[in-house]
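Below is one structure, written out as structure tokens; the observations come after it.
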Amino acid sequence: MAVAVATAQETAFTADTLSDEVFKRMAGRSFPEECTIDRHELRYLQVLHIDHKGQVHQGELVCNRRIADDLLDIFRKLYEARYPIERIRLIDDYDADDERSMSNNNTSCFCYRTVTGSQHLSKHALGMAVDINTLYNPYVKKHKDGTTIVKPAAGRPYVNRQKPFRYKIEKGDLCYRLFIEHGFKWGGNWNSLKDYQHFEKN
């Protein structure tokens, strides 16, 4: 939702434990019955962000408590620099459907799920990974038979990173630098596949 630019930053960037109201939104979605993560390990963050049109929005995300301070600092600095992020909503607004969330260019963090194509828990399942501007920074994996998997599927036009387009994360840009400075790894640096939206921390 859009907010007035005059909103005090001290109240616009906050981290708290999961209220019953927030947890109710997550239950059965990003926090399914089989979830092995303790609810008290997670934090609910509210941050301001600016889209490419210069519109200010109040965003929300859930992360592991261990990276809550990192994310508050990163998103505050991105906001102050007017780095464009289109949307930051809980993935539960998309019924925890990653494809739907990514296709809507949504930035999110916690979702209890496995790594694409495996049975191993994702860093998102631990609340230790963030996906930024997901439509324009897709997951790309090329197979030996010549086929290429792109997630979200709607992100295929943005696989070519030589093209100029809005919301693109590039090595060395402010978003990249801030996450790296805070000890995160970028999926765009991986060799076996590229996950341009993805930043994770151990």
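The values are calculated or read from the model by the stated rules, or taken from the named source; none is laboratory data. Computed from a predicted model, the values in this text were never measured in an experiment. Heavy atoms of the whole protein, side chains included, go into the accessibility calculation; ligands, DNA and RNA do not. Shrake-Rupley method; radii C 1.70, N 1.55, O 1.52, S 1.80 Å.
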Just the accessible area for Arg25, please: 1.4 Å probe, Å², rounded to the nearest 10? 70
One-quarter of the Cα convex hull surface for the chain, in nm²? 11.2
From DSSP H assignment alone, runs of 4+ in the chain each adding -39500 (n - 2.57), the sum over residues rounded to the nearest 500 puts [θ] at 222 nm at -5000 deg cm²/dmol
Counting only C-alpha contacts under 8 Å and six or more residues apart, can you give the relative contact order of segment 57-202 as a whole percent? 22
Would you kindly find the accessible area of His182, with a 1.4 Å probe and non-protein molecules such as ligands, DNA and RNA excluded, rounding to the nearest 10 Å²? 40
Projected convex hull area of segment 55-131, Cα atoms, direction-averaged, in nm², equals 5.3
Heads up, I need the accessible area for Phe23: 1.4 angstrom probe, whole protein in place, Å², nearest 10. 50
Most to least accessible of Leu126, Leu71 (protein chains only, probe 1.4 Å): Leu126, Leu71
Which of Lys141, Lys185, Lys171 is most accessible, then next, and so on - probe 1.4 Å: Lys171, Lys185, Lys141
Express in whole angstrom the spacing between the alpha-carbon centres of segment 18-59 and segment 150-197. 23
